[in-house]
1. Out of (i) 13; (ii) 21; (iii) 9, which label holds the value of percent of Cα pairs over 32 Å apart that was computed here?
2. Could you name the lysines whose alpha carbon sits less than 20 Å from that of Lys54, not counting residues in the same chain fewer than 8 places away?
3. For the chain, which whole-number percentage of the solvent-accessible area (1.4 Å probe, protein heavy atoms only) is attributable to carbon and sulfur atoms?
4. What number comes out for accessible area per residue over the chain if the probe is 1.4 Å? Units Å², please.
5. To the nearest 20 debye, what is the magnitude of the charge dipole of the chain about its Cα centre, counting +1 on the Cβ of each Lys and Arg and -1 on the Cβ of each Asp and Glu?
6. Per 0.36 nm of contour for each residue apart, how much would the distance between Ala38 and Asp202 grow if the chain were fully extended, relative to their Cα-Cα spacing?
Amino acid sequence: MVGAAAAVVSTLTVLLTPGAAHAAPGDTTLLPVRDALAALAVQDEDRTGYERTKFRHWVDADRDGCNTRSEVLIEEAVTAPEQGANCALTGGSWYSPYDDTYFTQARALDHLVPLAEAWDSGASAWTAAERQAYANDLDDSRALIAVSATSNRSKADQDPTTWQPPATGYRCTYATDWVAIKTRWSLTADLAEQMALSKILDTCPNAPIEVTLAR
């Protein structure tokens, strides 16, 4: 019994240690967000060869008739849309945390860490299957969010160095979730990005983030 308890304590220690280098896909890590940020590898970005089509997205992975985009819109709806043939959605309303507004035209679905940013930060070396998995990540609710078309266009493929949510009250969540997604997918951060995130997080609670590693 003592041995089993010690093993549990040891496992928790690993999960709470920034340098848990032997963590593998499927493992769950738990770290204060500032420690998780510090644990991200710092590397210059490189967009050479990027094309959005290299991330196949809006697939119907579970073959239930609704693709990734529709799955997220259904899940995040404030007022549920009607679901028609081929999962066509009509009606409904959503809340956009980026700009603290409600909207009824569900056109924009945002990758919190944009596809181009993922490419710059390591996804250029991934397989096509890994990039598809990233672009359609339904296993972490922080990865894809419904937002207003205005905020989606404003953000585009920028990182926190040059863009932060207009709704200042959401910036702590945004920075924390950004770190979580980069941790989940073993993506790097460039120095300016790391500094921008650190500046935001210095004004936020050092909340623990729980992440199930995808890579």
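The values are calculated or read from the model by the stated rules, or taken from the named source; none is laboratory data. Being a predicted model, the structure only gives us computed values, none of them experimental. Here the Cβ positions follow ideal geometry from the backbone for every residue, glycine too, while neighbour counts run over all protein chains shown. Only protein heavy atoms, including side chains, enter the accessible area calculation; ligands, DNA and RNA are left aside. Shrake-Rupley method; radii C 1.70, N 1.55, O 1.52, S 1.80 Å.
1. (ii)
2. Lys182
3. Roughly 53 percent of what the probe reaches on the chain is carbon or sulfur.
4. On the way: 11060 Å² over 215 residues.
With the other protein chains kept in place, the chain gives 51 Å² per residue.
5. Details: 17 positive and 29 negative charges, 23 e Å.
Computed charge dipole of the chain: roughly 120 debye.
6. 57.8 nm
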